[in-house]
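Participant: Below is the structure I would like to discuss, written out as structure tokens.
The values are calculated or read from the model by the stated rules, or taken from the named source; none is laboratory data. Model, not experiment: these values are computed from the prediction. Reconstructed Cβ throughout: ideal geometry from the backbone, glycine too, with neighbour counts over all protein chains shown.
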Amino acid sequence: MAGLWAICLALRAFVHVGDLNLVDPIETIFAGVRFNGDAARVVLLVEAGIFAAIAAGVFARRRWGLLLALCCMVQVVMSHLAFVIAYLPIHAEWMNVRVVASQGPMMVLITLYLWIRACDLIFDSQHAEARAR
């Protein structure tokens, strides 16, 4: 799924929807900051690279793939929180704040699920190595 999402993000960065010459419709949020236009394309390509690395790490059954996925989800949760806090005082952004805030609980649940599933795989192997010594 992470690999497919990486492909979707990369396509979104380069495929133009419609024939809009006045405004570049590409927009994304990373680390609580809104990016538009070419900056958004760069951010989408970086995100696509991160998800491709997650897919490669999980597919290769490497611990770093799971850690990267967990760190990415923590960043998403913190980014949503930072966006809501930063743009809440701006009345014109209330609709966007409402949408992002409504996504927050699901992002937290996904992160908690990933943490619960990954905790044994990430930390127990380190404790088993220490006990074996």
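Participant: I need the helices (runs of 4 or more DSSP H) fully contained in the stretch 26-133, keeping only those with at least 3 residues that are hydroxyl-bearing (Ser, Thr, Tyr) and farther than 18 Å from residue 6 by Cα.
Facilitator: 94-119
Participant: Then there is this: Just name the residue that is modelled with the highest pLDDT out of those in the stretch 77-133 that are small (Gly, Ala, Ser) and within 25 Å of residue 35 (Cβ to Cβ).
Facilitator: So the residue we want is 102.
Participant: In addition: I'd like to check something: does the stretch 17-28 contain any residue that is closer than 30 Å to residue 123 by Cα and exposed (fewer than 11 other Cβ atoms within 10 Å of the Cβ)?
Facilitator: No, the stretch 17-28 has no match at all.
Participant: Against the condition at pLDDT below 90 and touching an Asp or Glu at 6+ places or on another chain (Cβ under 9 Å), how does residue 24 come out, does it pass?
Facilitator: For residue 24, the condition - at pLDDT below 90 and touching an Asp or Glu at 6+ places or on another chain (Cβ under 9 Å) - is met.
Participant: What residue, among those in the stretch 47-88 that are small (Gly, Ala, Ser) and within 10 Å of the chain's Cα centre (by Cα), is surrounded by the fewest Cβ atoms within 10 Å (Cβ to Cβ)?
Facilitator: So the residue we want is 79.
Participant: Same structure, new question: Of the residues in the stretch 34-59, how many are among the aliphatic types (A, V, I, L, M), closer than 30 Å to residue 119 by Cβ and modelled with pLDDT under 90?
Facilitator: Qualifying residue count, the stretch 34-59: 1.
Participant: Next question. What are the residues in the stretch 52-70 that are of a type in the set (Phe, Trp, Tyr) and in contact (Cβ under 8 Å) with a residue 40 or more places away in the chain, if any?
Facilitator: Result: 59, single match.
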